[in-house]
Amino acid sequence: MYTFKKEERLCSKKLLERLFHNGSSFLLYPFRIVYLPEVLPESLNSQVVIGVSKRKFKRAVDRNLIKRRIREAYRLNKEEALYAFLRDNQLQLVFSINYVGKEIGSFKFIEKKLMAALKQLVKANAQSDS
RNA sequence: CACACAGGCCGUUCUAUCGCUGUCUCGUCAUGAGAGAGAGGAAAGUCCGGGCAACACAGAGCAUCCUGCUUCCUAACGGGAAGGGUUGCGGCGAAAGCCGUAGCACGGAAAGUGCCACAGAAAACAAACCGCCCUGCACAGGGUAAGGGUGAAAACGUGAGGUAAGAGCUCACGGCUUUGCAUGGCAACAUGCAUCGCGGUAAACCCCAGGAGUUGAAAGACCGAAUAAGCUAACGCUUGAGGGCUGCUCGUCCAAGUUAGUGGGUAGGUCGUUUGAGCCCCGCAGCGAUGCCGGGCCUAGAUAAAUGAUAGAAGCCCUGAUCUUCAGGGUACAGAACCCGGCUUACAGGCCUGUUUUUUUC
RNA sequence: CGGGAUGUAGCGUAGCCCGGUAUCGCGCCAGCAUGGGGUGCUGGAGGUCGUCGGUUCAAAUCCGGCCAUCCCGA
């Protein structure tokens with residue numbers, strides 16, 4: 001199912017603090033990914049938080065548009081790109097997606113790049129696991 | 001009819017697929033199903049004013065900051081309405097003045113202090129460069145503020161009297177102004193008479209009048225795990241760690257441990273939170289801002305933060321061409337965060353009303 | 001959400017309170033000195049004082065509006 005409910009979003013202040021303090025990160029333009037394996041309630045595979053810098057985009061309308069496009073791309077692609085791998089390896093993950101590009105990307109551009117980013121996320125976790 | 005100005009209003013729509021956040025109904029152990037709702041005129045800037053909340057508070061004064069023609073509207077305002085005064089522009093007029101229009105932080109310079117570059121004799125206490133007049137031999141002394149020149153500004157302007165020459169020194173008219181009286185007006189103020197005075201600057205200090213307690217929903221109220229640990233009660237038998245009393249031993253006290261109860265309170269959650277100075281319609285009062293009577297309506301409520309994404313049509317605008325059509329491009333400014341009233345700023349395109357002026361036709 | 005500060009030459013700054021002349025250093029240009037360069041000496045250019053209005057005879061300075069940047073509380 002292509003859903004994106006509240007349980008799949010990262011809301012806990014404590015978890016966020018741990019994520020940004022201890023998490024590993026990599027850059028894949030236009031995204032910066034910070035991730036950390038965690039123990040979550042049973043039914044969940046991962047929790048994610050999406051951010052766009054106020055420094056880079058002054059107007060709230062622009063930030064909202066980018067966040068919505070990222071969220072939509074994640075919603076449509078998370079199942080096959082990420083969840084399958086996590087289930088197979090009994091892993092649970094929290095991570096953040098930060099948009100660091102300078103211009104507002106189109107939906108197609110963001111979707112393509114997000115797929116690449118998720119692929120790299122899977123790869124990074126597979127390495128650290130082994 | 002066009003243009004300009006002023007005021008008010010709107011500010012995309014539809015379909016398909018997949019989603020997000022509340023609400024209601026039904027159902028379940030649980031997952032769920034259906035219905036209906038879901039950004040703005042500025043939600044923005046945070047420039048003012050309030051509601052609400054916590055804390056503070058006998059009364060009065062000082063300091064600091066803000067406001068500043070009058071009356072009214074309002075919960076309140078630095079907002080708005082009407083009026084007064086004043087300045088610019090235009091028209092009419094011989095002039096006085098009147099009309100139209102646009103603006104005005106518009107209390108006080110006659111309580112006091114300061115400042116007014118350069119130029120100029122002098123920038124307001126005083127004083128005198130060229131002049132003018134008087135006295136006496138060149139030159140010096142005295143009087144003068146008319147004229148020259150400087151400057152943004154030169155001791156109110158014009159005319160007459162007066163004088164050695166002159167000066168509001170005196171008079172007439174005029175300008176601004178203080179105080180008093182009269183008339184009109186709720187008042188600001190206007191008009192008339194008498195009277196006092198005459199550089200500017202208070203967005204210089206200041207004086208006068210009025211106002212301001214502080215902090216902001218991350219305010220504040222309530223519920224409350226897990227872990228550590230405080231307090232109270234009981235046990236503390238056997239072994240006996242550690243510490244206090246002592247130089248040491250004994251002794252005694254604290255205490256380790258178990259059980260029960262309990263306070264504060266973290267993560268997190270609920271309320272505050274959307275029924276309100278609310279919106280729409282009709283009527284009445286008022287020049288108007290606005291108020292009142294009656295009827296109808298319930299209209300986002302998120303919290304690392306929803307209100308969307310993709311695809312396809314339609315509408316509107318612009319450009320070009322092979323002009324009943326086709327192609328290309330554009331479709332603004334901008335996103336609620338406790339809630340209201342204003343102000344300011346941004347905005348593709350469009351609609352309505354009123355007024356002035358001009359042109360054309362009858 | 002609330003609060004504070006700063007915009008001056010290419011760069012870094014003074015002047016602003018108390019209004020009339022915009023200062024200093026580095027850099028730039030020219031000349032001198034050197035065989036040439038550096039260093040040194042002399043001279044010069046370069047400013048919508050963030051922006052739009054207002055007050056004033058006169059505004060970088062005083063008063064409003066807007067824009068940008070930075071910082072703080074949490």
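For every residue, the table says whether it meets (1) surrounded by fewer than 17 Cβ atoms within 10 Å (Cβ to Cβ); (2) small (Gly, Ala, Ser).
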{"site": "A:THR3", "(1), (2)": "yes, no"}
{"site": "A:SER12", "(1), (2)": "yes, yes"}
{"site": "A:PRO30", "(1), (2)": "no, no"}
{"site": "A:ASN45", "(1), (2)": "no, no"}
{"site": "A:GLY51", "(1), (2)": "yes, yes"}
{"site": "A:PHE57", "(1), (2)": "no, no"}
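Would it be correct to say that A:ALA73 is outside any strand (DSSP E or B), under 20 Å from A:ARG32 (Cα atoms), of a type outside the set (Lys, Arg) and within 10 Å of RNA strand B (Cβ to nearest atom)?
Taking the combined requirement at face value, the residue satisfies it.
Within the stretch A:1-52, the set of residues being small (Gly, Ala, Ser), touching a residue at least 24 places away in the same chain (Cβ under 8 Å) and not in a loop (DSSP other than H, G, I, E, B) comprises A:SER24, A:SER46, A:GLY51.
Residue by residue, here is whether (1) at pLDDT below 80; (2) farther than 22 Å from A:ASN125 by Cβ; (3) more than 9 Å from RNA strand B (Cβ to nearest atom) holds:
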site: A:CYS11; (1), (2), (3): yes, yes, no
site: A:HIS21; (1), (2), (3): yes, no, yes
site: A:TYR29; (1), (2), (3): yes, no, yes
site: A:ILE33; (1), (2), (3): no, no, yes
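Residues that are under 16 Å from the mean Cα position of the chain (by Cα) and either within 6 Å of RNA strand B (Cβ to nearest atom) or modelled with pLDDT of 85 or more (or both) were ranked within the stretch A:49-62; the one that is farthest from A:TYR83 (Cα to Cα) is A:ILE50. Among residues of the stretch A:69-85 that are in contact (Cβ under 8 Å) with a residue 12 or more places away in the chain, those with a beta-carbon under 6 Å from a residue that is surrounded by fewer than 21 Cβ atoms within 10 Å (Cβ to Cβ) and of a type outside the set (A, V, I, L, M) at least six positions away or on a different chain give the pairs A:ARG69/A:PHE107; A:ALA73/A:GLU111; A:ARG75/A:TYR2; A:ARG75/A:PHE4; A:LEU76/A:TYR2; A:TYR83/A:ASN45.
A:ASN22 fulfils the conditions (1) touching a strand residue (DSSP E or B) at 6+ places or on another chain (Cβ under 8 Å); (2) over 22 Å from A:GLY105 (Cβ atoms); (3) surrounded by 12 or more Cβ atoms within 10 Å (Cβ to Cβ) except for a single criterion, (3).
Is the stretch A:100-116 home to any residue that is over 16 Å from A:GLY23 (Cα atoms), assigned to a helix (DSSP H, G or I) and away from RNA strand B (no atom under 16 Å from the Cβ)?
Quick first cut of the stretch A:100-116, residues over 16 Å from A:GLY23 (Cα atoms) only: A:100-116.
Of the ones still in play, those that are also assigned to a helix (DSSP H, G or I) are A:107-116.
Filter again for away from RNA strand B (no atom under 16 Å from the Cβ), leaving A:116.
Scanning the stretch A:100-116, I find at least one residue that is over 16 Å from A:GLY23 (Cα atoms), assigned to a helix (DSSP H, G or I) and away from RNA strand B (no atom under 16 Å from the Cβ), so the answer is yes.
The values are calculated or read from the model by the stated rules, or taken from the named source; none is laboratory data. Only a predicted model underlies this, so the values are computations on that prediction, with no experimental measurement involved. With ideal geometry, Cβ positions are generated from the backbone for all residues, glycine too; neighbour counts draw on all protein chains shown.
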